[in-house]
Amino acid sequence: MTLNYVTRQNLNGKWLLKQIDSGNGEKGYPGFQLLEIESDCVDIYMDISLEKKVASFLMRNGNLLNSNNENTSEYKIVNENHLKLYVDGTSNDENAIFECDFFRLEPTITSLKKDDIEKMIFVNSETEFVFNKELWDKESLELHKITKGERKMIEQIDSTLFLSTYFNGKKHSSFPIKEVTTEFIKICGIPKMPKGIIGYRKE
């Protein structure tokens, strides 16, 4: 595979995985994955806390090298805010190249503090955004024999806020918040909802 890449472009910063294409015509979201690039070093995290690195690599001539100087994947710089990784794997028991789209993490546009946002409720036609509150009633919890159902939280990396959803005490998803005001909240898009989600302040 021949890739064009830019050598003088500043890639330093954090890059969030938006989607993976396994070559079967479908794009999926595998969960939270973040790259942190500094100079030629790449650290990978799988949790929004960024407390534990999953792996570290070195960027060299369009490739990511592990600590043994072995090639693990290839990368391509689409533009200053879009980076692609090409990783060998299997899909439906066949060899496949997974195309992973990472986008530079952008600050959330807002003048509000996190604590103030958490006190507000936003709604759209499909869901209601209520933060830091158990969303399942007592009967549903008892039916599923669990003590924690669904909870929405606002979490943060640097100046970027995230809408995180937890099920049964475990994190299910975390999506960056593009913009939030006292009137609306905009959640960045994913493959099934490329235009994102907008919720409006509940009176």
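The values are calculated or read from the model by the stated rules, or taken from the named source; none is laboratory data. Computed from a predicted structure; not experimentally measured. For neighbour counting, all protein chains shown are included, and Cβ atoms are generated from backbone atoms with ideal geometry for every residue, glycine included.
Quick look at the values:
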{"quantity": "Single match in Ser91, Ser67, Ser56 (criterion: among the hydroxyl-bearing types (Ser, Thr, Tyr) and at pLDDT 90 or above)", "calculated": "Ser56"}
{"quantity": "Selection count, region 146-199, where residues are in contact (Cβ under 8 Å) with a residue 60 or more places away in the chain, out of contact with any Lys or Arg (no Cβ under 7 Å at 6 or more places or on another chain) and among the basic types (Lys, Arg)", "calculated": "2"}
{"quantity": "Subset of region 91-117 that is under 18 Å from Cys188 (Cα atoms) and acidic (Asp, Glu) - its residue that is surrounded by the most Cβ atoms within 10 Å (Cβ to Cβ)", "calculated": "Asp101"}
{"quantity": "Residue in region 80-89 that is over 23 Å from Leu105 (Cα atoms), surrounded by 13 or more Cβ atoms within 10 Å (Cβ to Cβ) and without any contact (Cβ under 8 Å) to a residue 40 or more places away in the chain present", "calculated": "no"}
{"quantity": "Unmet criterion (only one of (1) more than 23 Å from Leu161 (Cβ to Cβ); (2) in a strand (DSSP E or B); (3) within 21 Å of the chain's Cα centre (by Cα)) for Gly23", "calculated": "(2)"}
{"quantity": "Residue list for region 130-143, restricted to those being surrounded by 10 or more Cβ atoms within 10 Å (Cβ to Cβ) and either outside the structural domain of Glu118 (by TED's automatic domain parsing) or over 17 Å from Leu163 (Cβ atoms) (or both)", "calculated": "Trp136, Asp137, Ser140, Leu141, Glu142, Leu143"}
{"quantity": "Filter pass, Phe102 being modelled with pLDDT under 90 and touching a Phe, Trp or Tyr at 6+ places or on another chain (Cβ under 8 Å)", "calculated": "no"}
{"quantity": "Counted residues, region 66-82 - those being within 16 Å of Lys14 (Cβ to Cβ) and either assigned to a loop (DSSP other than H, G, I, E, B) or over 20 Å from the mean Cα position of the chain (by Cα) (or both)", "calculated": "2"}
{"quantity": "Any chance Leu65 is under 27 Å from Ser91 (Cα atoms) and not assigned by TED's automatic domain parsing to the domain that holds Gly189", "calculated": "yes"}
